[in-house]
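The values are calculated or read from the model by the stated rules, or taken from the named source; none is laboratory data. Worth saying up front: this structure is predicted, and the values here are computed from it rather than measured. Note that we place each Cβ from the backbone using ideal geometry, even for glycine, and neighbour counts take in every protein chain shown. Accessible surface areas use protein heavy atoms only, side chains included; no ligands, DNA or RNA. Shrake-Rupley method; radii C 1.70, N 1.55, O 1.52, S 1.80 Å.
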Amino acid sequence: MLPLINQPFTQLVIASIVAIICLKFICSIYIFLTAQKAQQKSLIDRINACLPQTQCGQCGYEGCRPYARAIADGDAINKCPPGGNETIISLAHLTNEALTKLNPAHGAIAPFKVAVIREEECIGCTKCIVACPVDAIIGGPKLMHTIIEAECTGCDLCVEPCPVDCIEMIEAGTESVKWVLPSQVGRFSRLLEAPQ
Amino acid sequence: MSSEAVARIARLKLRPHRIFGGIKPRAYKSSSLRSRILPCPIPDQLILSLRQHQGEAASPVVKVGDMVLKFQLLAEAENDSALNLHAPTSGKITAIAPHAIPGQSGQPELCVFLETDKQDAEIELTALPDYRAMSHLELLDLISQAGICGLGGAGFPSGLKLGDGIEKEIGLLIINAAECEPYITADEALLREFAEEVVSGAEILQKISLAPQCVIAIEKDKQDAIAALKPALRNSSIKLIALSAKYPTGGEKQIIQGVTGLEVPTGGLPQDIGVLVHNAGTAFAVHKAIIFGEPCVSRITTLTGAPLQTPKNFEALIGTPASYLLKICGLDKKQLTGAIVGGSIMGVELKNFDSPLLKTSNCIIAKSAKEFPQQAKEQACIRCGYCANVCPAQLLPQQLYAYSRSNDRLKLQDYGLADCIECGACAYVCPSNIPLVQYYRASKQEIKESMLRERQSEYWQSRFQTHQYRLKKNQEDKLSKRKKKKSAAGTKTENTFSREKARAEIAAAVERVKARKKKLIASTKLDK
């Protein structure tokens, strides 16, 4: 056996096997570390995906992503009124926390609303433009402002800064037609078919 | 890709194939087939909904008080999914206001109210008996102009469907005359009396869609219609295929399977596998639109049900109120318990009897307590599996039902809720009387809405991110500008602060002043 080991070709083979094993080991450590990092990052992203992205700050944080980061660090999951029960359920699934009711300190569940500026009253102070987290308001200094309805998240943040109180929140008209359950139609059934 | 599909269809042998599942309900068709198709008298008022189908509404081009003639354009389609609307007869526009229409939503739609003058005066039409000389795209444009939609019930704009078919290459055109749902006889009556016109319409559709093959598919038990079609098809390349009679043979995906044996892939359209399906009634409307230039202003509709003394098929004007149609069929109000628009399985309850006839309303059933007894109470699912046997889409309705109740979106998608054609065969055989289709529809709606919400929140997130990026960039810009200003100011002060330079400058200034003084003195001397 021994002389076989001493041959240069065998040594080369052994060396290459050792090198491959080392390389694999290093690679696996690298992959493990990056995967862990990626998972951590994706937890915040996954929590963020559950949040409604209205950026309203009712949870007490600056926006949805900061709140997602706080949840990942162990904050309560029931601080998001625009998301409602659906968000709490999906967050509970994701974080493995117990289902809890929405914390009323942060607001109540309400139908989706959008902000509308009464344009004839607007004095063009640009205060609402600064407050809007999604740049949904257009207008300039001393010029009338208006809100792009399709962009508005209904966050309510522009209402308070307005010095002339010309912004109001109105319920958004939903485009989709609600399916109304028909009362009798579904009953055409073999059981009830009139006797021949 | 699509030419592959065309080649595959060319290789196929077109013959009746087996269709999955299905039920055989009692047909209730004979009573309305006893008489010929009658032209419906013109009612005093027509109510024309601007939304005739599940698409966008058309926008009116007439004003209140206008006098209009038959076939005149009333409302124009502004995009592809809307339909042109034409005046079914002459008269005066009295109002444009919301009114109840038959439909799933039960919501009132904007309608044009036309007070008829019974003169039936027409505008001049351009007839095209020699359409073969025209290009298929010109014909397609004419079809779109005529406001024709799928008259079988779903009402998809025909021009849109044909255009999509031309784009994707079509190997086979199927004219769907199966009409598998109980009570409805509009297509059967149409074929019995207007077989040649339907065949002519099918030839026009074949020319437009450039399909090498065309087939008329019908159920085996419609013998009168088959007997009328055979002579009409003698000089034509169009084939007739008689499928076994069961519900839902007439579903678009089912009839493709019945004729070709192919299945439409999940989330795909028939056009994707090189097949185009049009209803027989649509073919008739296409014939009238091309040969006579008439836009779609009337349709053949079945009036049936036990409370009617003379059930029959009418060629009725679009917009005729349902109550008027029921009245002239001899409605016995004592027996009446309600009415359905559409067939007895997939139709929708008529809530307001003044609702007008739409382009998609193929049947109005007057309900009696005998034929439509009170709904029995829904009971628990006993997992008998009857529903899975009859499902034409080969789904597991009992599983879908369970997941629909537990609101499990992911599982519903896994189990193929999107493939459900809402035919109602499962609910028909259910021994526990569960209105399964209603659960599926509600779940489908919920999934659609939540997907919409997700998309919206993604969009908002991106908006927020760009907003924050903008704020950050503004801040940085401001800081860098301030820095630049500061540095610029700094260099200036440094330059002036060198003492020697200052001294030199002062000395230079003094020199300049001295020189100027000298000059001044010299000039004053000269003056003197």
Of (1) open to solvent by 30 Å² or more (accessible area, probe 1.4 Å); (2) within 14 Å of chain B (Cβ to nearest Cβ), residue A:34 satisfies every one except (2)
Output the residues belonging to segment B:390-406 that are within 13 Å of chain A (Cβ to nearest Cβ) and open to solvent by 70 Å² or more (accessible area, probe 1.4 Å).
-> B:406
Segment B:462-492, subset within 51 Å of the chain's Cα centre (by Cα) and of a type in the set (S, T, N, Q), residue farthest from the other protein chains (Cβ to nearest Cβ) | B:475
Counted residues in segment B:22-59 being open to solvent by 20 Å² or more (accessible area, probe 1.4 Å) and polar (S, T, N, Q) come to 6
Being in contact (Cβ under 8 Å) with a residue 60 or more places away in the chain, assigned to a loop (DSSP other than H, G, I, E, B) and either open to solvent by 10 Å² or more (accessible area, probe 1.4 Å) or not assigned by TED's automatic domain parsing to the domain that holds residue B:425 (or both) narrows B:181, B:193 down to just B:181
Within the bounds of segment B:383-391, is there any residue that is touching a Phe, Trp or Tyr at 6+ places or on another chain (Cβ under 9 Å) and in a helix (DSSP H, G or I)?
-> yes
Within segment B:333-385, work out how many residues are at positive phi, buried (at least 18 other Cβ atoms within 10 Å of the Cβ) and more than 13 Å from chain A (Cβ to nearest Cβ).
-> 0
So which residues in segment A:72-86 are touching a residue at least 12 places away in the same chain (Cβ under 8 Å) and open to solvent by 10 Å² or more (accessible area, probe 1.4 Å)?
-> A:72, A:76, A:78, A:79, A:80, A:82, A:83, A:85
Looking at residue B:282, is it more than 20 Å from residue B:157 (Cα to Cα) and either of a type outside the set (D, E, K, R) or open to solvent by less than 30 Å² (accessible area, probe 1.4 Å) (or both)?
-> no
On the phi > 0 side of the Ramachandran plot, open to solvent by less than 50 Å² (accessible area, probe 1.4 Å) and at the interface with chain A (Cβ under 9 Å from one of its Cβ atoms) - does that describe any residue in segment B:446-461?
-> no
Only unsatisfied item for residue B:217, checking (1) in a strand (DSSP E or B); (2) open to solvent by 20 Å² or more (accessible area, probe 1.4 Å); (3) of a type in the set (A, V, I, L, M, F, W, C), is (2)
Residue check, residue B:297 open to solvent by 20 Å² or more (accessible area, probe 1.4 Å), under 25 Å from residue B:45 (Cα atoms) and not small (Gly, Ala, Ser) = no
So which residues in segment B:110-161 are in contact (Cβ under 8 Å) with a residue 60 or more places away in the chain and assigned to a strand (DSSP E or B), if there are any at all?
-> B:110, B:111, B:112, B:113, B:114, B:115, B:116, B:149, B:157
Right, residue B:431: within 9 Å of chain A (Cβ to nearest Cβ) and within 22 Å of residue B:153 (Cβ to Cβ) or not?
-> no
